[in-house]
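The values are calculated or read from the model by the stated rules, or taken from the named source; none is laboratory data. Only a predicted model underlies this, so the values are computations on that prediction, with no experimental measurement involved. Cβ: placed from backbone, ideal geometry, glycine included. Neighbour counts: every protein chain shown.
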Amino acid sequence: MAPLANLLGLVTGVLCLFSSPGATYKEKPSVFTFTPGSGGFQLGGPSLAPEIRVSQNDAPGVLRAARDLAADFGRVLGTNGTVVVADWAATIAVKTASRPTILIGTVGQSSLIDGLISSKKLDASAITKKWETFTYQVVPTPWEGRDNVFVIAGSDSRGAVFGIYDIAERIGVSPLHYWADVQPIKRQHIAASTLIHTEGPPSVKYRGIFLNDEAPALTGWGGSNFKRSQYGSPFVSDFYRHIFDLILRLKGNYLWPAMWSSMFYLDDPKNGPLATEYGIFMGTSHHEPMARADKEQGRFLRGSWDWRSNKAGVQSFMQEGATRSKDWSTIYTLGMRGSGDAASATLSSSSLEEIIAWQQQTLTKTLGKPLSEIPQAWVMYKEVPGYWQAGMKVSDDVTLLWSDDNRGNIRRVPIGDEEKRSGGSGMYYHFDYVGDPRNYKWINTIQLTKTWEQMTLTYDSGIRNIWIANVGDLKALELPTVHFMALAWDREAFSGMDSTTEWLKVWSARQFGEDAAGAAAEIMTTYGKLTARHKYEDLSRTPFAFHATNYDEVELNYQEWVDLVAKAQAVYDKLPSAVQDSFFEIVLHPVLAGKTVFEIYSKVTLASRYSTEKRISTNQLAKDVQAAFQADQAITRRFHSLRGGKWNHFMDQTHLGYNNWQEPSSNTIPRASTLTAASSNALLGVAAQGNTAAYPGSARLSLAPVSKFDPPSVNRYIDIFARGDGTFFYDITANVSFVNVTNRRGSISSPAGPTDIRSILGVNWAAAPAGSSSALLTIVNTNATSQSATVVVPLENPTIPSDFKGHVEADATISIEAEHFSPADSSKEYAIIPNYGRTLSGVRLPPRTASQQPGKGPVLVYPFYSFTNIADATVTVYLAPSENANPKSPNRYSVSVDGGAVSTVQVVALTNGSNQPQGWSDAVIRGAYVKSSKVGRIAPGKHELKLYLLEPTMVVTKVVIDFGGVKSSLLGPPESWRSV
């Protein structure tokens, strides 16, 4: 396996994506200091923790969160705070105190907060009558005889709770203290400065998560940790306490509960009241209207789930849902789909209008409120937008909850009058999915910058009433969940194109410490790039997505995983032992597990190629595949053994051996090719990079043309290998002095090794002939000189003008990363999204840009220099797999060369709103739409390619000009040499 090992150092750009010029994540500064003598009002120290006072007339959720804060101070200081329930009169009677005092409460509900306001000691005007807003500050001389108190005030009860948990996080308790075992930061001193900290209202009104596809992992884990209900579900109130705690600590307020085999309101009678006590709005998923679970239909519905044939039965069933939940915090899902999360054969636009009208009448009657005061959402999922697009009418009170395509691409944003609806719009987004083209529900495969880009489009398009993310089992998806909730809380903090990268550094510092923060953020940024290329479940498709020969794609992609594991392991090894578990769960595990799966499929693919070349190392690759399969199981066992088995079952999800959309029943290992050793007198084998033939099958091989302007990441090489057991010596000679090779002489030995040696070509271009020429390499088995291979090395040594700036052709190809456009006035309207997509970055128009006309408007200009005269060159554009978010204006781009004819390409076909467009499945699997068009004759010399994105819902990542040399691959050719 020497060729793979020899690629160390040849891969460029693996982690250089992390540069962050002009990053603009804007978090408010902390009011807390942790160094003795730094001043401020001391809240804690050795054996010192605050007294926390809450008014008895405040909301139960505020009192509960206050107790959490007392415990959180204990986690950090080693000494818990003390909660005292007292009114204003009793509080101001305390003139002296042995401990610092924190007052917590809700404006208009807490006598403590209202007493401070009425005495003009606290100015709450910045938060009063706002949704979920809070402030905290030191209040000097709050009453006679008291020097200082620290005050947390909320505009409403959730505002107060969010203020409490904001403080908990800032002093050192992570929202993931339970779900990812993030250890509290130990403090010897906590003090508050005189700064006033205010946050809110949130960017999105209702922000939450959906526990879904929860078997086998979450269900198996839950069954081992919680007493099952009479219906067999482990998702009882003790379980949901952990979920509610996380949501509130992330400043969220909304949950769709687990539903595959569960019934939230029936599995535990405490569930509904508990959610309201915590301040969580409960909803139900897209096919569970009127607060009734899917599994309730089979148990309690009289008759079939069909409006046309069983209207009375369906109405009675829905009425019971409204009645049961009327006293709890609920966002009601409206509408209806077919049974079992499927499209209905009998529903129509008119019948859906009738259903929603009846549901609204039922809600107003049952709850005794006008529609404007009842949160309600109609989920525009899968086939449902087709009904709406056909001309349906529903009252403006309904939130239109739009959806992505289940693979993270927004299907629709509000247009026209939809933006004026009083109920607003929402977005249902996926980090996990079961369905076509394949499930992805094992571990995190989410690129955070893609989430940022799509949810920025969502927010800037006016979708601000509801955001909810399908987080599957939750465990293993902690990072994208936390990121999503941070965006929903304060979208404006993520104003810059690189804000997610900066956020990731800030967040990592809180989880793993300042010393590891930069590296952890860098690792997960690169991880997002690698998983954007292919999800694990898609890797078993044949042929393998990454090409075994062209551009060394399989080898280089796998090497990036190897390098990433090495970096993650190095960080892990230096961490304090108390931090290692959380780092493993969030960072090292997905990197290590992901690398192992990629190793299996990459080496199966290479073994297939090696077997045709008769390399004896084919057998070692087959052994490596077996070892990686065993390693995959060992990694699972390691995860399940963490914290004394705390997370047992969370990696039970199968992920190897998919052959259709549904998960396999067990992990299966793909078959790797093996070889029978050749006779010992025919040992020499030679392969030339990019050539599917090999010696001795072909005595004369050829490398692709070697150019002075080859991409910086490209190395031309030949492999010398054993075809059987034994030892031989080889010698490589060149027929010209200006061509040299590494590893010119050596020995090959099997089975002792090395069985393969890579010899990299070098050219002294100053001595090489100008223009086109060639050289010959001769490889001889010096043990048996009759065994001799010849490799032809075409050489291209052209010149370009000294003043040229741009990309230069090599191997009849020009490949351009989208961000490397030439500065121009109109290009300044485009934004570069660093660390986006599969290779380097993305480029897009601002989200609210109007649709452009072909060949007009803001343009990206790419100067290039070519040497090939071609009658009709092809330009291929690589774009993110974005949807036509505006159904009246499909995603299109225009391209032209040297001011010639403009070619306009429609990337995504229009649909009726019910189905995915043609080509969608292939695009989401490979992580890109790849579209080509002809641009006419291109003669040798300077040229200028112009690219116009015509819609703001598109992101371009790469542009390739084909002069006849482009080869098949997943990622496209590596970027061409560029004069800057």
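The number of residues in the stretch 854-904 being of a type in the set (Gly, Ala, Ser), without any contact (Cβ under 8 Å) to a residue 60 or more places away in the chain and part of a strand (DSSP E or B) comes to 3. Of all the residues in the stretch 698-730, those that are of a type in the set (Val, Ile, Thr), buried (at least 21 other Cβ atoms within 10 Å of the Cβ) and within 16 Å of residue 757 (Cβ to Cβ) number 2.
I'm trying to understand the selection: among the residues of the stretch 813-857, which are among the polar types (S, T, N, Q) and touching a helix residue (DSSP H, G or I) at 6+ places or on another chain (Cβ under 9 Å)?
Listed by number, the residues that qualify are 835, 839, 841, 849.
Restricting attention to the stretch 268-284, which residues are in contact (Cβ under 8 Å) with a residue 60 or more places away in the chain, of a type outside the set (A, V, I, L, M, F, W, C) and surrounded by fewer than 23 Cβ atoms within 10 Å (Cβ to Cβ)? Matches in the stretch 268-284: 277 only. Just one residue in the set 440, 459 is in the same structural domain as residue 219 (by TED's automatic domain parsing), among the aromatic types (Phe, Trp, Tyr) and touching an Asp or Glu at 6+ places or on another chain (Cβ under 8 Å); that residue is 440.
For the condition over 14 Å from the mean Cα position of the chain (by Cα) and surrounded by 22 or more Cβ atoms within 10 Å (Cβ to Cβ), residue 552 qualifies.
Can you confirm whether the stretch 575-589 contains a residue that is closer than 30 Å to residue 608 by Cα, hydroxyl-bearing (Ser, Thr, Tyr) and out of contact with any His (no Cβ under 7 Å at 6 or more places or on another chain)? Looking for residues that are closer than 30 Å to residue 608 by Cα, hydroxyl-bearing (Ser, Thr, Tyr) and out of contact with any His (no Cβ under 7 Å at 6 or more places or on another chain), one finds none in the stretch 575-589, hence no. Being within 25 Å of residue 271 (Cα to Cα) and either in contact with a His (Cβ under 7 Å, 6 or more places away or on another chain) or in contact (Cβ under 8 Å) with a residue 60 or more places away in the chain (or both) holds for only one residue in 330, 366, 362, and it is 362. Annotation for the stretch 348-370: no member residue is of a type in the set (Val, Ile, Thr), under 21 Å from residue 913 (Cβ atoms) and in a loop (DSSP other than H, G, I, E, B). Under the condition of being of a type in the set (Val, Ile, Thr) and at pLDDT below 95, which residue from the stretch 645-693 is farthest from residue 552 (Cα to Cα)? Filtering first and then ranking leaves 676. Cβ-Cβ distances below 8 Å connect the following pairs, each with a first residue in the stretch 239-267 that is β-branched (Val, Ile, Thr), a second residue that is at pLDDT 95 or above and part of a loop (DSSP other than H, G, I, E, B), and a separation of six or more residues or different chains: 243/211; 243/474; 247/253; 247/280.
When the stretch 306-324 is limited to residues that are surrounded by fewer than 23 Cβ atoms within 10 Å (Cβ to Cβ) and touching a Lys or Arg at 6+ places or on another chain (Cβ under 9 Å), the one that is nearest to residue 360 (Cα to Cα) turns out to be 322.
Find the residue count for the stretch 777-803, including only residues that are of a type in the set (D, E, K, R) and outside any loop (DSSP other than H, G, I, E, B).
Matching residues across the stretch 777-803 total 1.
For the stretch 967-976, the tally of residues that are surrounded by 21 or more Cβ atoms within 10 Å (Cβ to Cβ) and over 30 Å from residue 413 (Cβ atoms) stands at 4.
When residues in the stretch 200-218 are screened for being over 11 Å from residue 653 (Cβ atoms) and either out of contact with any helix residue (DSSP H, G or I) (no Cβ under 9 Å at 6 or more places or on another chain) or not polar (S, T, N, Q) (or both), 12 of them pass. For the stretch 874-904, filtered to residues that are hydrophobic (A, V, I, L, M, F, W, C) and surrounded by fewer than 23 Cβ atoms within 10 Å (Cβ to Cβ), the residue that is nearest to residue 416 (Cα to Cα) is 902. In the set (1) farther than 23 Å from residue 253 by Cα; (2) touching a Pro at 6+ places or on another chain (Cβ under 6 Å), residue 419 fails one condition alone, (2). Applying the condition of being more than 14 Å from residue 163 (Cβ to Cβ) and modelled with pLDDT of 95 or more to the stretch 46-55 and asking which residue is surrounded by the fewest Cβ atoms within 10 Å (Cβ to Cβ) yields 48.
I'd like to check which strands (runs of 3 or more DSSP E) are fully inside the stretch 145-242 and have at least 3 residues that are under 30 Å from residue 130 (Cβ atoms) and not aliphatic (A, V, I, L, M). Outline the logic, then answer.
Values: elements: 148-154, 190-192, 197-199, 206-210.
Hits in the stretch 145-242: 148-154, 197-199, 206-210.
Among the residues examined, residue 298 qualifies as in a helix (DSSP H, G or I) and over 23 Å from residue 361 (Cβ atoms).
Of the candidates 836, 830, 865, the single residue that is aromatic (Phe, Trp, Tyr), modelled with pLDDT of 95 or more and touching a Leu at 6+ places or on another chain (Cβ under 8 Å) is 830.
Could you check the stretch 797-816 and list, in sequence order, the residues that are of a type in the set (Asp, Glu) and surrounded by 22 or more Cβ atoms within 10 Å (Cβ to Cβ)?
Selection gives 809, 811.
Taking the criterion of being under 28 Å from residue 386 (Cα atoms), part of a helix (DSSP H, G or I) and β-branched (Val, Ile, Thr), would at least one residue in the stretch 306-326 satisfy it? Yes; the residues of the stretch 306-326 include at least one that is under 28 Å from residue 386 (Cα atoms), part of a helix (DSSP H, G or I) and β-branched (Val, Ile, Thr). In summary, residue 193 fulfils each of the numbered conditions (1) without any contact (Cβ under 8 Å) to a residue 60 or more places away in the chain; (2) over 28 Å from residue 484 (Cβ atoms); (3) polar (S, T, N, Q) with the single exception of condition (1). Looking at 389, 361, 376, which is the one that is of a type in the set (S, T, N, Q), crowded, with 18+ Cβ neighbours inside 10 Å and farther than 30 Å from residue 527 by Cβ? One residue alone meets the criteria, 376.
Looking across the stretch 243-268, the residues that are within 19 Å of residue 288 (Cα to Cα) and either assigned to a loop (DSSP other than H, G, I, E, B) or over 28 Å from the mean Cα position of the chain (by Cα) (or both) come down to 257, 258, 259, 260, 261, 262, 263, 264, 265, 266, 267, 268. Against the test of being of a type in the set (D, E, K, R) and in contact with a strand residue (DSSP E or B) (Cβ under 7 Å, 6 or more places away or on another chain), the options 341, 397 yield a single qualifying residue, 397. Selection of the stretch 347-374 for residues being touching an Asp or Glu at 6+ places or on another chain (Cβ under 8 Å) and among the β-branched types (Val, Ile, Thr) yields only 374.
Inspect the stretch 509-529 for any residue being surrounded by fewer than 23 Cβ atoms within 10 Å (Cβ to Cβ), of a type in the set (Lys, Arg) and over 29 Å from residue 218 (Cα atoms) and give the result as yes or no. No, every residue in the stretch 509-529 fails to be surrounded by fewer than 23 Cβ atoms within 10 Å (Cβ to Cβ), of a type in the set (Lys, Arg) and over 29 Å from residue 218 (Cα atoms).
Counting only residues that are surrounded by fewer than 23 Cβ atoms within 10 Å (Cβ to Cβ), over 24 Å from residue 25 (Cβ atoms) and among the acidic types (Asp, Glu), the stretch 432-487 holds 1 of them.
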